[in-house]
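Here the structure is laid out as structure tokens; the discussion comes afterwards.
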Amino acid sequence: MRSDNDTGLRERLWQRYPGEEWAAFEALPAAIRHRLSQHSYDGWAVNALLLWRHLRRKYASSARAERRLLRHLDECEALERQAFSAEYHRRHGHPLPHLAAGASVLRGQGKSSA
């Protein structure tokens, strides 16, 4: 189920695969679940699970697949933030205040597995 604010720019950047989000989230390794919960965007658990399964087959190693997926999630977060900032600048004529101020993404205080 898509939330009301999960529209616009995200739909142009990514393809969202259908499925049960909570079941997919629970099927992911703990480190991946933690990273998804800490990101500034919704990493779409169904998409992450599909990629997790693909990477496990590709690398034949859960540890390598996990490291690669964690890196991929960070790359997606940065790309989305960059695209949102460019769109904000196009619409308003100045940089996204959060990025202009050099502010970091707020994250919870849980232990990171990466």
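The values are calculated or read from the model by the stated rules, or taken from the named source; none is laboratory data. Keep in mind that this is a model prediction, so the values were computed, not measured. Cβ placement follows ideal geometry from the backbone for every residue including glycine, while neighbour counts extend to all protein chains displayed.
Checking G43 against (1) closer than 15 Å to W14 by Cβ; (2) in a helix (DSSP H, G or I); (3) not basic (K, R): exactly one of these is not met. Which one?
Condition not satisfied by G43: (2).
Looking at R10, R91, R68 in this structure, which one is at pLDDT below 95, touching a Phe, Trp or Tyr at 6+ places or on another chain (Cβ under 8 Å) and in a helix (DSSP H, G or I)?
Testing whether each residue is at pLDDT below 95, touching a Phe, Trp or Tyr at 6+ places or on another chain (Cβ under 8 Å) and in a helix (DSSP H, G or I) leaves just R10.
Looking only at region 19-57, which residues are of a type outside the set (A, V, I, L, M, F, W, C) and on the phi > 0 side of the Ramachandran plot?
The answer is G19, and nothing else.
Please determine whether any residue of region 64-86 is exposed (fewer than 15 other Cβ atoms within 10 Å of the Cβ) and of a type in the set (S, T, Y).
no
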